[in-house]
Amino acid sequence: MAPSRSFLRLSLLSALVLVSACKKQEETKQETAPANAAAEPKQKTLKIGLVTDVGGRGDHSFNDSALRGLELWGAGKKMEGGSYKDASPGELKETLQQDLATRGIAPVVGVTPVVLQSKVPEDYEPNLQTLVDEGVSLAIGVGFMLENAVETVAKRNPDAKFLLIDSPLVSADGKLYTLPNVRTVMYREEQGSFLVGALAGLASKNNKVGFVGGMEVPLIKKFEAGFRAGVAAVNPKATVLVNYTGSFDNVAAGKQVGQDLVNKGADVVYHAAGSDGLGVIQAVKEARAAGKQVFVIGVDSDQSHLAPEAVLTSMLKRVDLGVYEAVRDLSQGKLEGGDVTLGLKEGGVTYAPVRVDFPGKAEALQKVEELRAKIVSGELQVPTNPSELTAAPAKK
């Protein structure tokens, strides 16, 4: 039997209603999808490269501080067994000593670290160029020894961005200048060294302390000048013994110099010698084991974990902060070329918690904090070169 006209009309009407409903549902999806997508911005990926100096990963000092700023603070990662693992919030918090806890340091979403270690100075320039060729958003050169390499590669690649730690750009005729694609970060090492020098002068029983430098260059002379000035400010009778190893990657040389200073009667020894400083710490640790009442002061990173009974404190040079702030600024589109200098006032240098005991510790720390306030206010100016010191010259 053929369907009636009424039945056909009803079937056609039902089909039209069904098609209309489906079309409306599809239009609703299309309208809401863009709104949802806008509410969830795309994750931005930033590949950030870092070239170490010859001290390399594992120096527990300068390079490790830079790596902490990029890997742990910047990317929320830690290196284990040759590959990156996610770091826990607790592991990050452990490294945020003192005032850093209030600076809002948190990993930047989407950061991927790329680290190249330099075995010899000749590696610096090709390593930086390799990072640029790999398309990093920022290439970081760690240490004043990379100044020439950063300058050369930055000029060759004007569209790439660079961060140079510990040195300004210096022209062939010795003049300071800037490049639009290079941020340089320097530190007032003399200010932090002044504070640990004051602490050393107050903690010394023999009125004899020691300083071990790495390479005898203007940068390390700033550490020496500040340290000697700090000692003299609180203990004018104290003698400062000074020696340089001539390197930053010779642990044995550091140990030998450290032993020599201890044998000459220094009961507090401060080092600014990169990996050589590990030898200095070992020398003091062994001297304590032999019954001598001596302390060592670390540098750049908190080195107390290397010898908890021997490390009086460490002069913290926050390379990690300089690196992290560059990573953060890059992620926010605010990274610009030019020079940045960080001292006590800016939180770029300070000293690590004093975990060991010595007679008069509370009074000594109070005195050191009073000196800090004077430096921050500008009342006290710290010399940057030993030639500026008014006290008697240091003994070699």
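Charge dipole of the stretch 46-187 (Cα centre as origin; +1 on each Lys and Arg Cβ, -1 on each Asp and Glu Cβ, all else neutral): 360 debye, rounded to the nearest 20.
Model label sites at residue 329 and residue 358, defined 7 Å from Cα along the beta-carbon direction, differ in position by 3.7 nm. Angle of helix 251-263 to the longest C-alpha principal axis of the chain, folded into 0 to 90 degrees and rounded to 10: 40°. Each residue, residue 387 and residue 345, gets one label point 7 Å from its Cα in the Cβ direction; the gap between the two is 2.6 nm.
Each of 188, 355 was scored by other Cβ atoms within 10 Å of its Cβ. Arranged with the fewest first, they read 355, 188. Based on alpha-carbon atoms, the Kirkwood radius and the radius of gyration of the stretch 293-332 give Rg/Rh equal to 1.25. Could you calculate the FRET efficiency of residue 256 with residue 379 from 1/(1 + (r/R0)^6), where r is the beta carbon distance between them and R0 is 56 Å, rounded to 0.05? With R0 = 56 Å, the Cβ-Cβ based efficiency is 0.90.
Each 5 Å bin from zero holds the following percent of Cα-Cα pairs in the stretch 46-187: 2, 10, 19, 22, 20, 14, 8, 4, 1, 0. When 329, 267 are sorted by how many other C-beta atoms sit within 10 angstrom of their C-beta, beginning with the fewest, the order is 329, 267. Given a Förster radius of 45 Å and the C-beta distance between residue 47 and residue 170 as r, what FRET efficiency does 1/(1 + (r/R0)^6) yield to the nearest 0.05? That pair, residue 47 with residue 170, gives E of 0.95.
The long axis of helix 147-156 is offset from the longest Cα principal axis of the chain by roughly 30 degrees. Taking only the Cα atoms of the stretch 310-353, the radius of gyration and Dmax are 13.1, 44 Å. The GluC sites (Glu not before Pro) of the stretch 253-353 that meet both conditions, a loop assignment by DSSP and at most 15 other Cβ atoms within 10 Å of the site Cβ, are 309, 336, 346. Once the C-beta distance of residue 237 and residue 102 is scaled by a Förster radius of 56 Å, the resulting FRET efficiency is 0.90 to the nearest 0.05. Our note on the geometry: Cα centres of the stretch 328-351 and the stretch 127-141, 20 Å apart. Ordered by the number of other Cβ atoms lying within 10 Å of each residue's own Cβ, fewest first, 118, 314 fall into the sequence 118, 314. As I understand it, the dipole of the chain uses +1 on the Cβ of Lys and Arg and -1 on the Cβ of Asp and Glu, about the Cα centre. Which of 304, 130, 96 lies farthest toward its positive end? So the residue we want is 96. With N counted as the residues of the stretch 229-280, its alpha-carbon radius of gyration over 2.2 N^0.38 Å works out to 1.19.
Put a dot 7 Å past the Cα of residue 217, heading toward its Cβ, do the same for residue 305, and the two dots end up 2.7 nm apart.
Principal-axis analysis of the Cα atoms of the chain puts helix 276-289 at an angle of about 60° to the longest axis.
FYI, it's all coordinate maths here, none of it is from the lab. Nothing here was measured: the structure is a model prediction, and the numbers come from that model. All Cβ positions, even for glycine, are placed from backbone atoms using ideal geometry, and neighbour counts span all protein chains on display.
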